[in-house]
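The values are calculated or read from the model by the stated rules, or taken from the named source; none is laboratory data. The shown structure was predicted, so the numbers you read here are calculated from the model rather than taken from an experiment. We place every Cβ from the backbone using ideal geometry, glycine too, and count neighbours over all the protein chains shown.
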Amino acid sequence: MRDTALPPPPEEELPHLWQKPAYEVLFARLKKLRVEPRVWTLHDSRTDILKEQAVTAHDRREIVSFLSSIIKSSLAWLDSDDERELVWEEASKRMSERCGRTAMGEITRRWPFEDHGYGAFSLAIREPPLTGDSLGLKTWGSSYALAQLLHEFAAGPLAHLFVPGPLSTPQEVLELGSGTGLLGLAAACIWKTSVVLTDLPTIIPNLAHNASLNQEVVDGQGGRAEVAPLTWGGGREDIDSMFWELNRYQLIIVADPLYDDDHPALLSSAVHEQLALNSDARALVMVPQRDETTKGLLRTLREELARGASPLLCLEESIVNGQDDWGDENDDDEMRHVGFWWGIFGRDQSGAS
Ligand SMILES: C[S@@+](CC[C@H](N)C(=O)[O-])C[C@H]1O[C@@H](n2cnc3c(N)ncnc32)[C@H](O)[C@@H]1O
């Protein structure tokens, strides 16, 4: 046979059980099949990642069938029960890594940050397979767009909350609708402060996972991140007891919170309940201008915030351009250019005596 017809290198092949591979060969191969968390860079769109996963799905099927043949086999040719137990155990671990959260569809993306003001760091953010309408399991473009503006805000329209000095940095920042946590974790790193990241109870396990995944980075940057459930308009069972004492936070941040008709009123009620009542307190909100619907929801949010005994008015606003991969996963034109509106709200003091 000619050289060109040689099979792939043996170390890439899965051993055949009918060849009765030695314990060392089987065990070493099983170790190599370990699923490591997959990390992509910011520039990989979700579509590209999922396409790549589809290509590797074939290999995955072959591996799953190899693992299941080991689990079903008596491994009678191995020397001892101990060896058999170790091989079965390792094969079962590899199998379960391919069935749960690490199954196809999950991605982890690494988001870089760099500025001469705070240096360079990156955050690894896991997005589990999307299920139903759990939009909080995906990282949305505005969270990255807003995160990149945080440093400027601390030197500009929010500077009164960041006057240099040990007690000046807001003692705790509250994020509403954190989703996968990119914005809140970035805020902890960039502002070197303590941030409480919140969302619906169903979103909390992944959010908590991402907080612990990045704990070293956050600690290293001098920040702190905590995760707790807070449902806008929810009952006590949906809101952690740490939020029962109202109007505690000097600064609230929110990215991309509006996608249902009831969101403006619900979000407004949560901001009114949690934001401190003094004139320094601020709520920083970003809403992508995707279409007329989102623009209409933003108009309603402004109206809702301006209601009540202590109305919140928009003190400063602008629009920045960015990208948002919010489209259908099968849509080739998934990355869209969107204007991200941001606004900073504060208490209307005009009626104060
Ligand atoms: C479009 S996602 C944005 C997530 C994240 N801020 C980002 O930009 O990547 C909207 C978020 O609001 C959360 N959310 C929706 N309704 C909520 C409610 N009533 N209470 C708390 N969070 C809610 C969702 O779970 C989701 O995480």
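For every residue, the table says whether it meets (1) closer than 20 Å to ALA147 by Cα; (2) out of contact with any strand residue (DSSP E or B) (no Cβ under 9 Å at 6 or more places or on another chain).
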site	(1), (2)
SER269	no, yes
GLU273	no, yes
ASN278	no, no
VAL287	yes, no
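Screening LEU135, LEU149 for residues that are within 16 Å of the ligand (Cβ to nearest atom) and modelled with pLDDT of 85 or more leaves exactly one candidate, LEU149. Within the option set LEU213, LEU230, being under 13 Å from ALA270 (Cβ atoms) and either without any contact (Cβ under 8 Å) to a residue 24 or more places away in the chain or among the aliphatic types (A, V, I, L, M) (or both) holds for one residue only, LEU230. The condition of being within 16 Å of the ligand (Cβ to nearest atom) and either more than 22 Å from ARG109 (Cα to Cα) or of a type in the set (A, V, I, L, M) (or both) holds for only one of ALA159, ALA208, ALA155, that being ALA208. The one condition from (1) surrounded by 14 or more Cβ atoms within 10 Å (Cβ to Cβ); (2) within 11 Å of the ligand (Cβ to nearest atom) that ALA228 does not meet is (2). Within segment 278-292, the presence of a residue that is modelled with pLDDT under 95, under 22 Å from the mean Cα position of the chain (by Cα) and of a type in the set (Val, Ile, Thr) is excluded. For segment 186-196, does any single residue satisfy the condition of being more than 12 Å from VAL227 (Cβ to Cβ), away from the ligand (no atom under 15 Å from the Cβ) and touching a His at 6+ places or on another chain (Cβ under 9 Å)? Yes.
Within segment 241-264, the set of residues being within 12 Å of the ligand (Cβ to nearest atom) and farther than 15 Å from VAL287 by Cα comprises PHE243, ASP262.
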